[in-house]
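Down below is the structure, laid out as C-alpha cells.
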Amino acid sequence: MKKTFIFIMLIFSFCFGETVQTAEVKQNANVAFKELAADTAKWQKTVSENTKKINSIRSSFKQVKNLSFLSQQVTSGGKFLFEKNGTGHRLKWQYTSPFVYTILIDGQKITMKDGNKVSSFDMSSSRVFEEINDIMVRSLNGTILSDSRNFTFSIKESGRSLMIEMVPVKGTPLNEYFKSIKMVMDTGDFTVNTLTMTESSGDFTELTFTDKSINGHIDISEFRVE
C-alpha cells in the first residue's frame, strides 16, 4: 500500500512538474510573441516613415541565380533605376553583363528589349511577374512589412542592417512559388541592400544593390526603351 502511494505521488509530481513547466514555456512564448509583435510594429512604422522620403534610386546591381539543374550559379549585373511619379512608379533593370537586356516597368506596363527586339505587355498577363514587382515596389515604398495577409515576418536588427525574412502564408498565390523572401535593409537610408527569393524547389535568386544614389535627378529619357 505504501509503495503504491509513493508511486502515485511520483506520477503526480512528474505530471504537475510538467504542467508547471509547460505553463512557464507558454508564458515565455506569449511574452516573446508580444515583444516580437511590438518590435515588428515599431519597424513597420519606422521603415514606412523613412521610405516615404525616397523619390528616386539609381544603383548598380548584381544578380545571382542558383538553379538545381546547373553545376554553377548564373551571375549577371547592370544598372537599376527607380522613380516615383504622379501616377505610381517606374523601374528599369538594364542588364549589361554577361548579356545586354532591358526591362522597364512603368505602372502596369512592361517593356522589354532583347537585342534589337522590343516588346510590351500588360503586367496582369503574368501573375508571378506582377507579384515579384509588387514585392519590389512595396519594399521600396516601405509598405511590405504591413502585408500580414500574404506574409509572416521575422525581423532582426544587426548593426546598420535590418534582416527581414518573409514567409508566404499558405494558400496565398506567393506560397505556390516562394519558400521565403529575405531582405537586408540599410537602416542608414532604408533602402534594400540584398533581396533573396527562394523558390519552393529550393532554387533562389539573389539581388545585391551597390553604389546607390538616393533622390538624385533622373531624366525621363533614361526610362525610354528604344
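Is there a pair in 45/79; 45/84; 62/179 whose C-alpha atoms are over 27 Å apart, and which pairs would that be?
The pairs that break the limit, which is 27 Å between Cα atoms, are 45/79.
Aspartates and glutamates within cross-link reach of residue 182: Cα-Cα under 16 Å, excluding same-chain residues under 8 positions apart?
131, 134, 147, 157, 165, 199, 203, 206
If I model a spin label as a point 7 Å beyond the Cα along the Cα-Cβ vector, how far apart are those points for residue 116 and residue 225 in nm?
It works out to 1.9 nm between the two label points.
Which FRET efficiency value, to the nearest 0.05, do you get for residue 201 and residue 158 by plugging their Cβ-Cβ distance into 1/(1 + (r/R0)^6) with R0 = 25 Å?
Calculated transfer efficiency: 0.30.
List 217, 89 from most exposed to least, where exposure is judged by having the fewest other Cβ atoms within 10 Å.
Ascending Cβ contact count within 10 Å gives the list 217, 89.
Stokes-Einstein at 37 °C, 0.692 mPa s, Kirkwood radius from Cα pairs: D for segment 45-217 in µm² s⁻¹?
194
What distance in nm lies between label points placed 7 Å from Cα along the C-beta direction at residue 217 and residue 69?
4.9
Over segment 45-217, calculate the relative contact order: mean separation of alpha carbon pairs under 8 Å at least 6 apart, over the residue count, as a percent.
Rounded, it is 23 percent for segment 45-217.
Take the residue pairs 42/109; 65/170; 113/170 and return only those whose Cα atoms are more than 32 Å apart.
42/109; 113/170
Just so you know, all these numbers are worked out from the coordinates, no wet-lab data involved. All figures in this text were calculated on a predicted structure; none of them were measured in a lab. Cβ atoms come from the backbone with ideal geometry, glycine included; neighbour counts cover every protein chain shown.
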